[in-house]
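Enquirer: Could you have a look at this structure, given as structure tokens, before my questions?
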Amino acid sequence: MRISLFITCYNDTLFPETGKSVVRVLERLGHTVEFRKEQTCCGQMHWNTGYLHEAVPIIRHFVGVYRDAETVVAPSSSCVSMMRDHYLKAAEMAGDAKLAADVEALLPRVYEFTELLVKRLGVEDVGATFPHKVTLHTSCHSQRSLHLGDIPVRLLNKVRGLELLSIENPQECCGFGGTFSIKNADVSSAMLAEKVRTVLNTGAEVCTAVDNSCLMHIYGSLHRQRTLVRTAHIAEILASTGGQA
Amino acid sequence: MSAPQSHWTNRSFPEAAKELLADSQIRRNVRHATDVIQAKRNRVVGELPDWEALREAGSAIRAHALEHLDEYLVEFERNCTRAGGTVHWARDAAEANRIILGLIQRHQAKEVIKIKTMTSEEIGLNRHLEANGVRPHETDLAELIVQLGHDKPSHFVVPALHKNRQQVREIFQREMHLPELGDKPEDLCAAARAYLREKYLRIKVAVSGANFLVAENGAVCIVESEGNGRMCLTLPDVLISLVGIEKVLPRFRDLEVVLQTLPRSATGERMNPYNSIWTGVHEGDGPKEFHVVLLDNGRSPILADGEARQTLKCIRCAACLNACPVYHQTGGHAYESAYPGPIGAILTPQLHSMEQGRTLPYASSLCGACYEVCPVKINIPEVLIHLRGKVVEQDQKTLGGKLGVWNVGMQAAAFVMSSAQRFTLAQHMGQLAQKIFVSKSGFIERLPFMLSGWTQTRDLKALPQQSFRDWWAERESNGGDATGAAKESRDAK
């Protein structure tokens, strides 16, 4: 299958290893990955902060870039949930019927990375080896918007050597919330403190998730506290074959 | 629009939250209480095989009632009047306060008993009565604790959830003059009972709220756990029920749905211990005079806003408060309103004024836990974003807002994000410009201006020197294929 990678703006800029890992896993499974250089961002930051009209050109740009793509994958559940939950509304708000029609035609072909593997490609064992203790942070959008359910767990359970440790209150938000973490820095920090406490209680070496946004937030505190616990996007674990720590 | 309530301040959410976050006692109490209620709620919701269908039905009933609110309110008025009740229409808080005070004064009452009326908190009724020589006595146990503690409610189902047993004992000891009172639940309950019984028997006018109005027969419904409501609703000669106009249900049989979802969502009970439903007045049974005050107070404009109308579907179960990770940290007082939590974050700014509540739509990480538990499927995150849009629009109308750091930053980002050339250039500039912030550990530990909020508790990963797109371009120019990619891509570190 020809799969077009939407890396997302923050993964492109901050987490290139995640993108490389997605490419590696998909190519290992025999698929062709393409990268459209015109891509930028899904518009979530603007939309969620209330800059609704400013988000529209970004959304239009995204849809223009991928209109003819066979399948699109993004290693971020929050960006995919932005598309599924809000794109149609944005097109309607802009009074752009053409954009609305394009959105409706495109979105059924857009997948979050783990969703693509399990639901579209029917793969759970991607041939990975990662001999470490891992805990999974179930990000809000992956559960409550995309309803990924146990998809990430099923993938992790097939990774050789990986020990998956359960975490207390897995459904609770880490407190990132995009600009929430800045506009309400104190509350966000209090939420994060609780999340980090539960991560540390698991005894895991690595905390993973399908979203680097949450992981960037969680690692921000783990690093500040000088703990040795690391974070890694699930694609990086699934790409791993050597199992180096 | 009505004036803001004087006993709730105009503090912004971040400001009020900062103060509450420093109160470890409140945080412990809130966390404990919400955990207990949440666990009970999950248990009794989980045992219903048709829970999702009940949510769907509740949502449809409430949405239909709102679509035809004008007809159902008039139908309610007709049927309530026919049953011997009197219906009053109050445009705003001031008018409702005036009507209620007038009714009390007509009966020369100097004291009233009150039950189950957060709406009276919304309009500041107690202050209005006190200022006019009428003493209100709260009889819901939690609201009594709040009143005697000279406090404010922090939750609209469990208003004293921020207080623990020892604190309740101290309040009762002081205010009821019971220095020897113990802190066992039975002790506290007995003290409250003795204190309240005397009032039920002596005071002749009661003010209540209502959970639902039924249009087809003019009935009013209140559910509760203590029986204190039943006393208030049946013993006094005069009963005045203050009810928001949105609370009407078309048919009696609609209660079949909401009386299943409300108690399970609110207190984790299959059914409330006391379910009072009454119509008008009946000779020799209950109050001799019954008044319903229908309150608009900012509800009509919400009804007119297609995006935000779903706010009014709310049946006040407070499940969204108990599920909210923000509420868990701050409790209710940070919202500076009778309606805290996620529903408060959308209701308060609309009811009062966006000016008062402009920080409330941002008091959420948009995690979606509120929408997931809502028994009438109010998409709170969606309404929050809609209201954020209104805040931004208002802001952009002023010069200060236009030139503000948020607007300038967002406009610049939107310009960058709508072109790959500009985005790539911005990445390269960021990789260079960050150097003054990156510490020896390779992390950013301190940022200026509004970004300092991040680094007060969190480090930030520095931008790697090669973005993904630059790596991809390099790979392509090397004639990159699967093997090339595999070699270049390192294992997860």
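Enquirer: From A:L148, A:L107, which residue is out of contact with any Pro (no Cβ under 8 Å at 6 or more places or on another chain) and not in a loop (DSSP other than H, G, I, E, B)? If you could, list the steps in order and put the result at the bottom.
Expert: On the way: A:L148 fails: not in a loop (DSSP other than H, G, I, E, B).
Of the residues listed, the single one that is out of contact with any Pro (no Cβ under 8 Å at 6 or more places or on another chain) and not in a loop (DSSP other than H, G, I, E, B) is A:L107.
Enquirer: Which residues, counting only those in the stretch A:222-234, are open to solvent by 10 Å² or more (accessible area, probe 1.4 Å) and in contact with a helix residue (DSSP H, G or I) (Cβ under 8 Å, 6 or more places away or on another chain)?
Expert: From the stretch A:222-234, those open to solvent by 10 Å² or more (accessible area, probe 1.4 Å) are A:223-231; that's our starting set.
Of everything in the stretch A:222-234, those that are open to solvent by 10 Å² or more (accessible area, probe 1.4 Å) and in contact with a helix residue (DSSP H, G or I) (Cβ under 8 Å, 6 or more places away or on another chain) turn out to be A:Q225, A:T227, A:V229, A:R230, A:T231.
Enquirer: While we're looking at this one, here's another question. Quickly run through the stretch B:109-125 and pick out the residues that are under 20 Å from the mean Cα position of the chain (by Cα) and not charged (D, E, K, R).
Expert: B:I115, B:T117, B:M118, B:T119, B:S120, B:I123, B:G124, B:L125 - these are the residues of the stretch B:109-125 that are under 20 Å from the mean Cα position of the chain (by Cα) and not charged (D, E, K, R).
Enquirer: Any residue in the stretch B:273-293 that's in the same structural domain as B:V214 (by TED's automatic domain parsing): show its pairings with residues that are among the basic types (K, R) at Cβ separation under 6 Å, as long as the two are six or more apart or on different chains.
Expert: Pairs that qualify, where the first residue is in the same structural domain as B:V214 (by TED's automatic domain parsing) and the partner is among the basic types (K, R), are B:Y274/B:R230; B:S276/B:R230.
Enquirer: Next question. Restrict the check to the stretch A:172-187 and report whether at least one residue is outside any loop (DSSP other than H, G, I, E, B), away from every other protein chain (no Cβ under 12 Å), at pLDDT 95 or above and open to solvent by 30 Å² or more (accessible area, probe 1.4 Å).
Expert: no
Enquirer: For the stretch A:118-141, how many residues are closer than 29 Å to A:R60 by Cβ and either of a type in the set (D, E) or open to solvent by 10 Å² or more (accessible area, probe 1.4 Å) (or both)? Show your work before the answer.
Expert: From the stretch A:118-141, those closer than 29 Å to A:R60 by Cβ are A:119-120, A:139-141; that's our starting set.
Then keep just the ones that are either of a type in the set (D, E) or open to solvent by 10 Å² or more (accessible area, probe 1.4 Å) (or both); that gives A:119-120, A:140-141.
Within the stretch A:118-141, residues that are closer than 29 Å to A:R60 by Cβ and either of a type in the set (D, E) or open to solvent by 10 Å² or more (accessible area, probe 1.4 Å) (or both) number 4.
Enquirer: Tell me which residues, restricted to the stretch A:188-214, are touching a Lys or Arg at 6+ places or on another chain (Cβ under 7 Å), open to solvent by less than 30 Å² (accessible area, probe 1.4 Å) and more than 11 Å from chain B (Cβ to nearest Cβ).
Expert: Of everything in the stretch A:188-214, just one residue is touching a Lys or Arg at 6+ places or on another chain (Cβ under 7 Å), open to solvent by less than 30 Å² (accessible area, probe 1.4 Å) and more than 11 Å from chain B (Cβ to nearest Cβ), namely A:A204.
Enquirer: So, one more: If we scan the stretch A:59-67, do we find a residue that is surrounded by fewer than 18 Cβ atoms within 10 Å (Cβ to Cβ) and either more than 9 Å from chain B (Cβ to nearest Cβ) or touching a Lys or Arg at 6+ places or on another chain (Cβ under 7 Å) (or both)?
Expert: Taking the stretch A:59-67 as the starting set, the residues that turn out to be surrounded by fewer than 18 Cβ atoms within 10 Å (Cβ to Cβ) are A:64, A:67.
Next cut, either more than 9 Å from chain B (Cβ to nearest Cβ) or touching a Lys or Arg at 6+ places or on another chain (Cβ under 7 Å) (or both) only: A:64, A:67.
Yes, there is a match, as at least one residue in the stretch A:59-67 is surrounded by fewer than 18 Cβ atoms within 10 Å (Cβ to Cβ) and either more than 9 Å from chain B (Cβ to nearest Cβ) or touching a Lys or Arg at 6+ places or on another chain (Cβ under 7 Å) (or both).
Enquirer: When you scan the stretch B:366-413 for helices (runs of 4 or more DSSP H) that lie fully inside it, which ones turn up with 3 or more residues that are among the charged types (D, E, K, R) and buried (at least 16 other Cβ atoms within 10 Å of the Cβ)?
Expert: Values: elements: B:369-373, B:380-395, B:399-403.
Because the criterion is at least 3 residues that are among the charged types (D, E, K, R) and buried (at least 16 other Cβ atoms within 10 Å of the Cβ), the helices (runs of 4 or more DSSP H) in the stretch B:366-413 that meet it are B:380-395.
Enquirer: Consider A:G220 against the criteria (1) facing chain B (nearest Cβ under 7 Å); (2) out of contact with any strand residue (DSSP E or B) (no Cβ under 7 Å at 6 or more places or on another chain): it satisfies all of them except one. Which criterion is unmet?
Expert: Answer for A:G220: the failing condition is (2).
Enquirer: Looking at (1) assigned by TED's automatic domain parsing to the domain that holds B:H107; (2) in a helix (DSSP H, G or I), can you tell me which one B:Q350 breaks?
Expert: If we test B:Q350 against (1) assigned by TED's automatic domain parsing to the domain that holds B:H107; (2) in a helix (DSSP H, G or I), just (1) comes out false.
Enquirer: Pick from B:L451, B:L447: which is outside any helix (DSSP H, G or I) and either in contact with a strand residue (DSSP E or B) (Cβ under 9 Å, 6 or more places away or on another chain) or under 25 Å from A:G64 (Cβ atoms) (or both)? Don't jump to the end; show me each part of the working.
Expert: Numbers: B:L451 fails: outside any helix (DSSP H, G or I).
The unique qualifying residue is B:L447.
Enquirer: Find the residue count for the stretch B:454-470, including only residues that are over 39 Å from the mean Cα position of the chain (by Cα) and polar (S, T, N, Q).
Expert: 3
Per-residue answers, yes or no, for (1) closer than 30 Å to B:H68 by Cα; (2) among the hydrophobic types (A, V, I, L, M, F, W, C):
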| residue | (1), (2) |
| --- | --- |
| B:G124 | yes, no |
| B:H128 | no, no |
| B:V134 | no, yes |
| B:V158 | no, yes |
| B:R174 | no, no |
| B:L213 | yes, yes |
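Enquirer: Of all the residues that make up the stretch B:456-475, how many are loosely packed, with under 15 Cβ neighbours inside 10 Å and modelled with pLDDT of 95 or more? If you could, list the steps in order and put the result at the bottom.
Expert: Let us first name the residues in the stretch B:456-475 that are loosely packed, with under 15 Cβ neighbours inside 10 Å, namely B:456, B:465-466, B:474.
Checking which are modelled with pLDDT of 95 or more leaves us with B:466, B:474.
Count: 2.
Enquirer: Give the stretch A:85-117 a look and list any residue that's buried (at least 20 other Cβ atoms within 10 Å of the Cβ) and closer than 23 Å to A:R24 by Cα, or say none.
Expert: Scanning the stretch A:85-117 gives A:V110, A:Y111, A:E112, A:F113, A:T114, A:E115, A:L116, A:L117.
Enquirer: Among the helices (runs of 4 or more DSSP H) contained in the stretch B:1-112, which hold 1 or more residues that are open to solvent by less than 50 Å² (accessible area, probe 1.4 Å), within 14 Å of chain A (Cβ to nearest Cβ) and within 30 Å of B:Q329 (Cα to Cα)? First the steps, then the outcome.
Expert: Details: elements: B:13-21, B:24-46, B:51-67, B:69-82, B:93-106.
Result: B:13-21, B:24-46.
Enquirer: Can you confirm whether the stretch B:378-389 contains a residue that is within 9 Å of another protein chain (Cβ to nearest Cβ), among the aliphatic types (A, V, I, L, M) and under 30 Å from B:N272 (Cα atoms)?
Expert: No: zero hits.
Enquirer: Right, another one. Restricting to the stretch B:267-286, give me the number of residues that are buried (at least 19 other Cβ atoms within 10 Å of the Cβ) and more than 18 Å from B:L213 (Cα to Cα).
Expert: So the answer is 2.
Enquirer: In the set A:I218, A:I237, which member is crowded, with 22+ Cβ neighbours inside 10 Å and within 17 Å of B:K461 (Cβ to Cβ)? First the steps, then the outcome.
Expert: Details: A:I237 fails: within 17 Å of B:K461 (Cβ to Cβ).
Matching residue, one of A:I218, A:I237: A:I218.
Enquirer: All but one of (1) assigned to a strand (DSSP E or B); (2) in the same structural domain as A:H46 (by TED's automatic domain parsing) hold for A:L99; state the number of the condition that does not hold.
Expert: Checking A:L99 against (1) assigned to a strand (DSSP E or B); (2) in the same structural domain as A:H46 (by TED's automatic domain parsing), the one that fails is (1).
Enquirer: The conditions are (1) surrounded by 23 or more Cβ atoms within 10 Å (Cβ to Cβ); (2) out of contact with any Phe, Trp or Tyr (no Cβ under 8 Å at 6 or more places or on another chain); (3) of a type outside the set (S, T, N, Q), and A:I167 fails exactly one of them. Which is it?
Expert: Of everything listed in (1) surrounded by 23 or more Cβ atoms within 10 Å (Cβ to Cβ); (2) out of contact with any Phe, Trp or Tyr (no Cβ under 8 Å at 6 or more places or on another chain); (3) of a type outside the set (S, T, N, Q), A:I167 misses just condition (1).
Enquirer: Sticking with this one: Can you tell me which residue among B:L161, B:L125 is aliphatic (A, V, I, L, M), crowded, with 19+ Cβ neighbours inside 10 Å and modelled with pLDDT under 95? Working first, answer last.
Expert: Numbers: B:L125 fails: modelled with pLDDT under 95.
Unique residue meeting the criteria: B:L161.
Enquirer: Report, by residue number, each residue of the stretch A:33-42 that is open to solvent by less than 20 Å² (accessible area, probe 1.4 Å), more than 7 Å from chain B (Cβ to nearest Cβ) and assigned to a loop (DSSP other than H, G, I, E, B).
Expert: A:C42
Table: residues versus (1) modelled with pLDDT under 95; (2) within 8 Å of chain B (Cβ to nearest Cβ); (3) crowded, with 24+ Cβ neighbours inside 10 Å.
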{"position": "A:N11", "(1), (2), (3)": "no, yes, yes"}
{"position": "A:V23", "(1), (2), (3)": "no, yes, yes"}
{"position": "A:R28", "(1), (2), (3)": "no, yes, no"}
{"position": "A:H31", "(1), (2), (3)": "no, no, no"}
{"position": "A:Q44", "(1), (2), (3)": "no, no, yes"}
{"position": "A:G50", "(1), (2), (3)": "no, yes, yes"}
{"position": "A:S76", "(1), (2), (3)": "no, no, yes"}
{"position": "A:V80", "(1), (2), (3)": "no, no, yes"}
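Enquirer: List every residue pair whose Cβ atoms lie under 9 Å apart, where the two residues are 6 or more positions apart in sequence or sit on different chains, the first residue falls within the stretch B:392-413 and is touching a residue at least 24 places away in the same chain (Cβ under 8 Å), and the second residue, located anywhere, is of a type outside the set (A, V, I, L, M) and assigned to a helix (DSSP H, G or I).
Expert: From the stretch B:392-413, the pairs are B:Q394/B:G401; B:V405/B:F449; B:W406/A:T49; B:W406/A:K183; B:W406/B:D395.
Enquirer: Is it fair to say B:Q421 is facing another protein chain (nearest Cβ under 8 Å), free of Cβ contacts under 8 Å to residues at least 40 places away in the same chain and open to solvent by 50 Å² or more (accessible area, probe 1.4 Å)?
Expert: Numbers: facing another protein chain (nearest Cβ under 8 Å): no; free of Cβ contacts under 8 Å to residues at least 40 places away in the same chain: yes; open to solvent by 50 Å² or more (accessible area, probe 1.4 Å): yes.
No: the conditions fail for B:Q421.
The values are calculated or read from the model by the stated rules, or taken from the named source; none is laboratory data. Note that this is a predicted model, so its numbers are computed, not measured. Using ideal geometry, Cβ is built from the backbone for each residue, glycine included, and neighbour counts are taken over all protein chains shown. SASA here: full protein model, heavy atoms, side chains in, ligands and nucleic acids out. Shrake-Rupley method; radii C 1.70, N 1.55, O 1.52, S 1.80 Å.
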